[in-house]
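Notes follow once the structure below has been shown.
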Amino acid sequence: MHIPFLSRALALPFVLLIIYYFSYAQFQSDSADGWILIPSVIILMLLYVFSDQINKWWWAYKAPPLDPRIQSWIEVYSPIYGDLSSSAQKDFADRLSIFMHTKEFTLKGKKDFQLEEDMKAMIAHEFIRLTLYRQEGHMFPSLKHVVLYNHPFATPKKEFLHSFEYDRTDEVVILAREQMINGFNRGLNYYNILLHAAISVFINQYPRLDYPDVSDLDTDEFLSTFEIERSGIESALGITVSSKLPLLIYCHLEYPDQMKSFYPIKYRKLNNIFELSSGH
């Protein structure tokens, strides 16, 4: 039997004890307050206060069942799910469910709203896609919160309109919703800022992995190999592209055949890290 909310399962015996107390025990013994009511109330209060932490710890080990609507969403919209083996598909769905349950998602506006489930799934998809074949770090412990604005935004750290930001200190990724959806849905015709965000968090989380040397890469020449314009990337992100490694990883994931042909050494090194067999 699967227990989706561990905190509720732990609370159930104490709820039953309180029901027992009010329906029977209080009439039988004056000491019932001491050994039934008071401890049960205290434990229930603690379970309530720490329910989020308890459930997230549980979900990290036991994936909650994926909502059938989200399962259908993956099958229709995921560019990689259909190419996976049945066991890899189950692993993908489990990891996606855990990511959706253990991260906080907020849509900013005049009021803050909980993000729709399909938007959560889209975000989780690109992060899990990046780490599908890794046994560690696939839940991105250095990321706690994903914030979306409906449009490009300015922040205290970047006081101009942009579409992506990763705050390492607060462990939060901020994205412009429209640009994010365009990047995911339009595939290779539009720069995927969501995948870029996942790569940025991954590099920050694992800065000392054996990444390929990028000092010999000329950014514009490298991008021209894949018929990508730097201006298109910077327009999508709203920021100047200065780091080469995220672009190299991005092209490895999105253009694996070209990477293997034109940059075979870098391809092999990246494949040792990500082992992804399919791009968009």
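FYI, it's all coordinate maths here, none of it is from the lab. Owing to the predicted nature of the structure, the values given are computational and were not obtained by experimental measurement. A quick note on method: Cβ atoms are made from the backbone with ideal geometry, for glycine too, and the neighbour counts reach across all protein chains shown.
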Total formal charge among the other residues, if their Cβ is under 10 angstrom from that of Ser224, Lys/Arg +1 and Asp/Glu -1: -4
Theoretical gain in end-to-end length, Ile38 to His145 [0.36 nm per residue, Cα-Cα removed]: 34.9 nm
Karplus (6.51, -1.76, 1.60) ³J(HN,Hα), θ = phi - 60°, over region 101-108, in Hz, Gly and Pro reported as x: 8, 9, 9, 9, 10, 9, 9, 8
Per-residue Cβ neighbour rank within 10 angstrom, fewest leading, Leu248, Leu217: Leu217, Leu248
Ratio Rg/Rh [Cα only; Rh per Kirkwood] for region 68-274: 0.94
CD proxy at 222 nm, helix term only [per DSSP H run n ≥ 4: -39500 (n - 2.57); per residue of the chain; nearest 500]: -16000 deg cm²/dmol
5 angstrom amide H check on Glu104, placed H, neighbours 5+ away: His145, Val146
Burial ordering of Tyr48, Tyr267, fewest other beta-carbon atoms within 10 Å first: Tyr48, Tyr267
Net lengthening on full extension, Phe160/Glu75 (0.36 nm per residue, minus Cα-Cα): 26.8 nm
Linear extension gain, Asp220 paired with Asn271, 0.36 nm per residue minus alpha-carbon span: 16.0 nm
Residues Lys157, Lys144 arranged by fewest to most Cβ contacts within 10 Å: Lys157, Lys144
Over the chain, relative contact order from alpha-carbon pairs under 8 Å, at least 6 apart, %: 14 percent
Karplus-derived HN-Hα couplings along region 84-95 (A = 6.51, B = -1.76, C = 1.60, θ = phi - 60°), whole Hz, x at Gly and Pro: 7, 5, 4, 5, 5, 5, 5, 4, 4, 5, 5, 5
0 to 90° range, to nearest 10: angle between helix 264-274 axis and the chain longest Cα axis: 0 degrees
Whole-Hz couplings from phi, Karplus 6.51/-1.76/1.60, listed for region 246-253; x for Gly and Pro: x, 5, 4, 5, 4, 5, 4, 7
Long-range HN-HN contacts of Thr155 with modeled amide H, under 5 Å: Phe160
Magnitude of the charge dipole, the chain, Cβ model with Lys/Arg +1 and Asp/Glu -1, debye to 20: 340 debye
